[in-house]
Every structure is written in C-alpha cells, then in structure tokens.
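Read through the structure below, which is laid out as structure tokens, and then see the notes.
The values are calculated or read from the model by the stated rules, or taken from the named source; none is laboratory data. Here the structure is a predicted model, which is why all the values come from computation and not from measurement. Cβ sites come from the backbone with ideal geometry, for glycine too, and all protein chains shown count toward neighbours. Remember, those area values only see protein heavy atoms, side chains included, never the ligands or the DNA or RNA. Shrake-Rupley method; radii C 1.70, N 1.55, O 1.52, S 1.80 Å.
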Amino acid sequence: MTSTDALPSTNATHKANATHKANTTTRVSAEQAGRRVEEVLDRLAAAGDRAAAEAAEELVRSLMDFYGSGLARIVRLLSASGGRGPGGDPLAALLGDELVASLLVLHDLHPEDRDARIARALDGIPEHALEVAGFDEASGTLELRTTAADSGCGCAAGAGSARQAAEDALACFAPEVRAVDIRTAPAGPPLLQIGKGPKSAPTAAKTR
C-alpha cells in the first residue's frame, strides 16, 4: 500500500457525513461558502480567543488541502484514462483510488455498498491473503481470517503487520469498520514422513 495525503479520522468522517446528509437539500456556491467561512473566522477572532481562532484557520487550511488534493487526483486519473475506465465506466478509474474513494464515502456518494468496498480494500493489499469471516454491526468490528503462512511469520508480529495494512486500507474505503480482528488459521497436521524400510536380515545359504 502506498501512503496518501492525510485523511480525516474515522470519527471525523462519520460526523462530517452526518452533517452532509442533514444538508443535502442546501445548494451553496463557492462564493457563499467562502464568505461564510470568513464570517466564522472573523467572529472567532473578535471573541479574543487567539488559540481558537488559529485552530479554526488551521482546520480550514487542512480541509482545503484535503479537497484540493482530491480534486487534483480526480483530474489526473480521468486524464490518464481518457475519462473512461475498464468496460467504459467513467467511475472505474476513480473507485480504486484511496483518496478519491475516501471523499466519495465521506459524502455518501460511493456507488458500492459496504461489503464491496471492504473487498476492494483487501484486494489492495495482496501481500496479505485475508478473507472476511464476519462483521459485527454494533461494534463495527471486522473479523478477518488468514493462514499462518499468509500472516508473514505466522506469529504475532506477522498478524500485526496484516492488521495494520488492513486498517489503513479500510480507513479509506470503509470507515464503517472501526476495529479489525484477525484470526490465524491453525497449522495443519505434520506431513507423514515416509522413509526407507528396515533392512532385511541376510538369507541363510541353502544346503544341499
């Protein structure tokens, strides 16, 4: 997996997504949005809390960087693919990209359901052969299954590496997953060692 630009945390993603859904009927122009941001920043500055005003400005810059990076990635991917992905689908070039996918999920625009996005995330880490064993809706825990050989050294360190890779990918494609539990399949029975049979005793010479 390659690292991407800084993405919002899972909690921030859920909060922003909920806010977006609550305002889906509102259409705001770029000019209106910019004016609204300036008004909020001015109010914070006038309140005399310098730390809060600086934090708000940093937040705005971070969000602008995030969305700017996402838009640049979309333009680059569409330009590279001629606007069409495999099968002529214009979205195919975008859905597999971590940054673009995270933006689509953030705004509830990703066309794939949760299970498909989880599968896409796991497909992106071929160095770890993982398969879904179950998902707990209440806790948001995804249970994955792997073999000892696929978890690196078959030890805690190997499983930890697989878990970290899965968590990084799922944060982009499926923020609904809040925890990952990897079960390592038990090792199979030892192979039967087949050796040479015992040497037979020499046959006594027959007497006439």
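Every listed requirement among (1) modelled with pLDDT of 55 or more; (2) more than 20 Å from the chain's Cα centre (by Cα); (3) exposed (fewer than 13 other Cβ atoms within 10 Å of the Cβ) is met by Thr184 save one, (3).
Scanning region 120-144 for residues that are more than 30 Å from Met64 (Cα to Cα) and of a type in the set (A, V, I, L, M, F, W, C) turns up Ala129, Leu130, Val132, Ala133, Phe135, Ala138, Leu142, Leu144.
(1) open to solvent by 40 Å² or more (accessible area, probe 1.4 Å); (2) modelled with pLDDT of 90 or more: which one isn't true of Ala166, the others all being true? All conditions pass for Ala166, except number (1).
The set of residues in region 52-83 being of a type in the set (Phe, Trp, Tyr) and open to solvent by less than 50 Å² (accessible area, probe 1.4 Å) consists of Phe66 alone.
In summary, Leu99 fulfils each of the numbered conditions (1) at pLDDT 90 or above; (2) open to solvent by 50 Å² or more (accessible area, probe 1.4 Å) with the single exception of condition (2). Can you give me the ranges of the helices (runs of 4 or more DSSP H) entirely in region 50-110 with at least 1 residues that are in contact (Cβ under 8 Å) with a residue 60 or more places away in the chain? Result: 50-80, 98-106.
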